[in-house]
Amino acid sequence: MRVIAGKCRSLPLKMIPGSNTRPTTDRIKETLFNILQPNLAECRFLDLFAGSGAIGIEALSRGASYCCFVEQNKAAISCIRENLKFTKLESQAILLPMEVHAALSALRGEEPFDCIFMDPPYRKNLEKEVLTEFSDASFIGADTLIVVEASLDTDFSWVGQSGYHILRQKKYKTNVHVFLQKNTDR
C-alpha cells in the first residue's frame, strides 16, 4: 500500500497486521480520489473507521489542510501514528483513538468538515447509525460531502428519509462508494 499522488506520492504506508481489516486497494483509492480531487484543496477531512489511515493521508497528500482520524483498534492506532510520522503529515492531523460514537460526541461544536469518509465494518448497519448521528451535528454543513464505503449488498434506500440525498454511486467488484449530502430543504 502506498500514497498514490500529491506531496507524499509513492511513499509506502504500513498496513495493520492480520486479516481483520480490508485496506482499500490502490486502484480503488485512485478512482475514489479522482472523484474527490476537485474538493480537496485546503479542505477539512474526517476519516472515520480509519484503519491504517491511508485514505486520510491520501487526502492530506493531495491538498487537504487538515484531517481528523477516528479509530479504536490499538494496532490500527499505532499504524496511523507511524504512517503520519513517516509521511511528515503529523502537524496537519489529529487522531481520536476511540470508538466512532464517542468521537462524534467529542467533535460536537467543531466547524464543518468539507469531506467525510467512512469505511465501517460491513453488514453491521453502522452506516445508518453514524448518518443518523450526523443529523444535527455542527461538523456537518450543507456542502459537506460524505462518502461511505460499503459492501455491494448494503441497502441505502433509507437515506432520503434520513435527510440525505445520494449524489452518485461508484460500484466495484466487491464494494461501493456512495457519495451523499444533507438535504437542504428540510
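The values are calculated or read from the model by the stated rules, or taken from the named source; none is laboratory data. Just so it is clear, the model here is predicted, and its values are computed rather than measured. All Cβ positions, even for glycine, are placed from backbone atoms using ideal geometry, and neighbour counts span all protein chains on display. When the accessible area is computed, the model is the full protein with side chains, heavy atoms only, and any ligands, DNA or RNA have been set aside. Shrake-Rupley method; radii C 1.70, N 1.55, O 1.52, S 1.80 Å.
From the list 157, 135, pick out the single residue that is farther than 20 Å from residue 64 by Cβ, open to solvent by 40 Å² or more (accessible area, probe 1.4 Å) and in contact (Cβ under 8 Å) with a residue 12 or more places away in the chain. Outline the logic, then answer.
Working: 157 fails: in contact (Cβ under 8 Å) with a residue 12 or more places away in the chain.
The unique qualifying residue is 135.
Here is a yes/no grid of residues against (1) at pLDDT below 95; (2) in contact with a Cys (Cβ under 8 Å, 6 or more places away or on another chain); (3) among the charged types (D, E, K, R):
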{"residue": "90", "(1), (2), (3)": "no, no, yes"}
{"residue": "93", "(1), (2), (3)": "no, yes, no"}
{"residue": "100", "(1), (2), (3)": "no, no, no"}
{"residue": "113", "(1), (2), (3)": "no, yes, no"}
{"residue": "117", "(1), (2), (3)": "no, no, no"}
{"residue": "125", "(1), (2), (3)": "yes, no, no"}
{"residue": "133", "(1), (2), (3)": "yes, no, yes"}
{"residue": "143", "(1), (2), (3)": "yes, no, yes"}
{"residue": "147", "(1), (2), (3)": "no, yes, no"}
